[in-house]
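Undergrad: I'd like to ask some things about the structure below.
The values are calculated or read from the model by the stated rules, or taken from the named source; none is laboratory data. None of the values given here were measured: they were computed from a predicted structure. With ideal geometry, Cβ positions are generated from the backbone for all residues, glycine too; neighbour counts draw on all protein chains shown.
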Amino acid sequence: MSANTARTDVKTAHASRYLQQLCKHWSHKAKAEFTPQAGRVVFETWQVEMTAANDTLSVSVTVQNADEAPRLQQVVAEHLQRFATQETLGFDWRS
């Protein structure tokens with residue numbers, strides 16, 4: 001996988017729950033591995049890695065094609081936000 005990686009730290013008391021939900025959700029489309037503290041989903045041309053600690057979900061998205069990065073960051077953010085029905089999550093992606 002290339003070095004085209006963007007990261008964000010999302011403040012939420014439900015970091016572990018959202019991490020596990022996203023990994024389970026995508027496990028039928030890609031290779032997914034997860035514990036309550038860490039997860040990774042590997043697609044053919046990109047991957048998402050997450051760690052949950054206290055009140056923070058750390059997320060990184062790595063893509064082969066840098067042009068795809070903004071779209072895939074949005075896909076990850078939208079999926080996580082769907083799981084967070086009782087709160088609005090903030091995503092501040094950085095390279």
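Undergrad: So, in the range 40-60, exactly how many residues are in contact with an Asp or Glu (Cβ under 9 Å, 6 or more places away or on another chain), more than 23 Å from Gln86 (Cβ to Cβ) and assigned to a strand (DSSP E or B)?
TA: Selection size over the range 40-60: 5.
Undergrad: Looking at Ala15, Ala38, Ala66, Ala52, which one is at pLDDT below 95 and hydrophobic (A, V, I, L, M, F, W, C)?
TA: Details: Ala15 fails: at pLDDT below 95; Ala38 fails: at pLDDT below 95; Ala52 fails: at pLDDT below 95.
When all the criteria are applied, what remains is Ala66.
Undergrad: Another question, then. Being polar (S, T, N, Q) and within 17 Å of Ser95 (Cβ to Cβ), is that true of even one residue in the range 31-38? Quick ask: steps written out before the conclusion?
TA: Initially, the range 31-38 is screened for residues polar (S, T, N, Q), giving 35, 37.
Within this subset, residues satisfying the condition of being within 17 Å of Ser95 (Cβ to Cβ) are none.
Among the residues of the range 31-38, not one is polar (S, T, N, Q) and within 17 Å of Ser95 (Cβ to Cβ), which makes the answer no.
Undergrad: For Pro70, which of the numbered conditions (1) assigned to a loop (DSSP other than H, G, I, E, B); (2) surrounded by 12 or more Cβ atoms within 10 Å (Cβ to Cβ) fails to hold?
TA: (1)
Undergrad: Pairs only if they're at least six apart or on different chains, beta carbon under 8 angstrom, first in the range 47-76 and closer than 14 Å to Tyr18 by Cβ, second acidic (Asp, Glu) and surrounded by 14 or more Cβ atoms within 10 Å (Cβ to Cβ); list them, first residue then second.
TA: Pairs found: Thr56/Asp9; Leu57/Asp9; Ser58/Asp9; Val59/Asp9; Val59/Glu49.
Undergrad: Right, something else. Which count do you get for residues in the range 15-39 that are surrounded by 17 or more Cβ atoms within 10 Å (Cβ to Cβ) and outside any helix (DSSP H, G or I)?
TA: Selection size over the range 15-39: 3.
Undergrad: A further question on this structure: Do we find that Ser27 is under 14 Å from Phe83 (Cβ atoms), of a type in the set (S, T, N, Q) and free of Cβ contacts under 8 Å to residues at least 60 places away in the same chain in this structure? Even if it seems obvious, please write down each step before you answer.
TA: Numbers: under 14 Å from Phe83 (Cβ atoms): no; of a type in the set (S, T, N, Q): yes; free of Cβ contacts under 8 Å to residues at least 60 places away in the same chain: yes.
Here the answer is no, as Ser27 does not meet what is asked.
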